[in-house]
Amino acid sequence: MTFLGKLAGGVLRGQGWSRATPLLRGCLSAAALVASVDATLSLARRNRLDQILDELCAAHDLEVHRAVEIFETDLGRIRTDGRAGRAAALANVKRLAGETAAVDLLLRVVQAIALADGSASAHVKAMVQEIAAAVGAPAPALAGTEAAQDLGARVIVIGNEKGGTGKSTTAIHIATGLALQGQRVGCLDLDGQQGTLSRFLQNRKAAHESSAETVVVPRYRRIEPSSAGRKLEAEAEERGRFDEAMADLGGCDAVVIDTPGHSSHLAQLAHAHANVVITPINDSFIDIDALADIDRVRREVRAPSHYCRMVWQEKQGRDLKGSSDLDWIVTRNRVGQLDSRNTREMAGLLDVLSQRLGFRLQPGFSERVVFRELFFRGLTLFDLAEHQVPHSGRQSLQRAKQEVESFVNAVTAKADRSTRAQRD
């Protein structure tokens with residue numbers, strides 16, 4: 001059951017107050033204080049509250065719906081009673097003052113909720129400061145999206161919660177294409193299991209050292225997921241690693257981030273920092289579920305996927321804050337060379353989704369053996385000259401280069417006015 005389901009359900013009117021420890025009571029009151037700053041809870045913040053409530057209840061032997069009842073009551077009092085409600089919640093928080101371990105946990109809860117949307121507003125930061133003052137401790141760091149914007153880099157995130165769609169191939173060609181244009185490019189590999197982007201850049205570095213020709217090698221960092229047992233500790237550790245890596249890539253004109261093919265906290269952090277999100281999909285009804293739940297019999301869109309809701313929520317949050325727009329590009333890879341009913345129906349469904357969710361469609365990469373061959377050499381199509389391939393393959397090479405160059409140019413271009421108006 002989701003957080004909204006818990007709030008709307010009829011199971012909330014129970015007796016659980018006496019079982020709530022002062023630590024759990026203080027954490028829930030602190031969570032309510034942070035959540036009360038905004039008029040409505042964003043999807044990202046609701047999801048983070050879900051995680052926190054589950055973990056707190058598991059550690060303190062309390063049923064989740066009892067914790068939701070406490071949180072809901074505090075949130076309602078703060079919003080309806082104003083100062084009196086906030087004072088009552090702060091009183092629960094103050095009871096933990098002087099208890100180092102309890103204060104540390106409370107502040108990690110506060111930090112996680114404050115940064116659930118990728119950044120903390122001035123009002124949220126003020127509330128966190130007030131909570132920290134109540135327990136007599138320094139306020140936790142709230143470096144989020146604003147910190148990334150201070151780097152001055154254009155952050156391009158390659159994201160999809162489904163594997164095998166060509167994310168790393170896309171990241172490789174975007175990074176090298178921009179570097180060959182003279183831009184200072186940094187790469188961040190968040191796929192701790194595969195590390196495809198990192199392996200390619202290692203191969204490229206070796207090619208640079210062994211070749212007489214100049215091979216441009218972008219700077220790169222790789223981040224492993226945290227091994228901490230508790231979610232809050234793991235997320236705090238991953239946030240620290242992410243911020244450190246982004247700071248290390250400071251001075252770049254563009255930072256290209258490759259994400260894993262599954263939902264992860266690191267991927268959420270990357271999307272919160274993004275100026276451009278590229279979502280590669282294979283041209284198949286089997287793979288389109290990365291974007292939406294499809295009725296495969298009627299070939300109709302039933303609902304957006306979890307990943308789509310996350311990106312859409314990020315876009316909407318930025319619109320509400322009046323911050324920079326998020327350019328979302330969905331690219332179709334491995335499109336068949338021949339026209340078919342499947343291709344036409346895919347195009348129709350994607351057109352519907354693009355209007356509903358606000359992304360723009362862009363042709364991606366065809367299936368080419370040369371991508372796999374060049375990977376182990378640390379090279380891309382940009383590095384190949386015509387004299388390096390047989391005469392019979394030169395025309396194919398030209399078409400492939402045009403395909404990749406068009407894609408890179410489309411990524412660096414802004415959406416036109418008609419697309420923006422349609423999205424609004």
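The values are calculated or read from the model by the stated rules, or taken from the named source; none is laboratory data. Since the model is a prediction, treat every value here as computed from it, not as a measurement. Here Cβ is always computed from backbone atoms with ideal geometry, including for glycine, and neighbour counts include all displayed protein chains.
Which pairs do you get when a residue that is within 19 Å of CYS57 (Cβ to Cβ), found in region 225-236, comes within reach of a residue that is at pLDDT 85 or above and not in a helix (DSSP H, G or I), reach meaning Cβ atoms under 6 angstrom, with the pair 6+ apart or on two chains? Between residues of region 225-236 that are within 19 Å of CYS57 (Cβ to Cβ) and residues that are at pLDDT 85 or above and not in a helix (DSSP H, G or I), the close pairs are ALA234/SER226.
Of the residues in region 177-190, at least one is farther than 19 Å from ASP327 by Cα and among the acidic types (Asp, Glu). Residues in region 129-167 that are under 16 Å from the mean Cα position of the chain (by Cα), at pLDDT 85 or above and surrounded by 24 or more Cβ atoms within 10 Å (Cβ to Cβ): VAL155, ILE156, VAL157, ILE158, GLY159, ASN160, LYS167.
Please list, ordered by residue number, the helices (runs of 4 or more DSSP H) wholly in region 1-107 having 2 or more residues that are modelled with pLDDT of 75 or more. Can you show your working first?
Numbers: elements: 3-8, 22-35, 43-60, 64-81, 83-94.
Ranges flagged: 22-35, 43-60, 64-81, 83-94.
Could you pull out the residue among LEU249, LEU266, LEU232 that is crowded, with 21+ Cβ neighbours inside 10 Å, over 18 Å from GLN183 (Cβ atoms) and under 20 Å from the mean Cα position of the chain (by Cα)? Reasoning before the result, please.
Working: LEU249 fails: over 18 Å from GLN183 (Cβ atoms); LEU232 fails: crowded, with 21+ Cβ neighbours inside 10 Å.
Of the residues listed, the single one that is crowded, with 21+ Cβ neighbours inside 10 Å, over 18 Å from GLN183 (Cβ atoms) and under 20 Å from the mean Cα position of the chain (by Cα) is LEU266.
Taking region 190-215 as the range and being touching a helix residue (DSSP H, G or I) at 6+ places or on another chain (Cβ under 9 Å) and either more than 22 Å from ALA274 (Cβ to Cβ) or surrounded by fewer than 15 Cβ atoms within 10 Å (Cβ to Cβ) (or both) as the test, the residues that pass are ARG199, ASN203, ARG204, ALA207, GLU213, THR214, VAL215. Once region 402-424 is narrowed to residues that are at pLDDT below 50 and surrounded by 14 or more Cβ atoms within 10 Å (Cβ to Cβ), the residue that is nearest to ASN275 (Cα to Cα) is ALA415. Screening the candidates ALA87, ALA101 for the property of being free of Cβ contacts under 8 Å to residues at least 12 places away in the same chain and over 14 Å from GLY26 (Cβ atoms) yields one hit, ALA87. Counting the residues of region 269-283 that are of a type in the set (Ser, Thr, Tyr) and surrounded by fewer than 23 Cβ atoms within 10 Å (Cβ to Cβ) gives 0.
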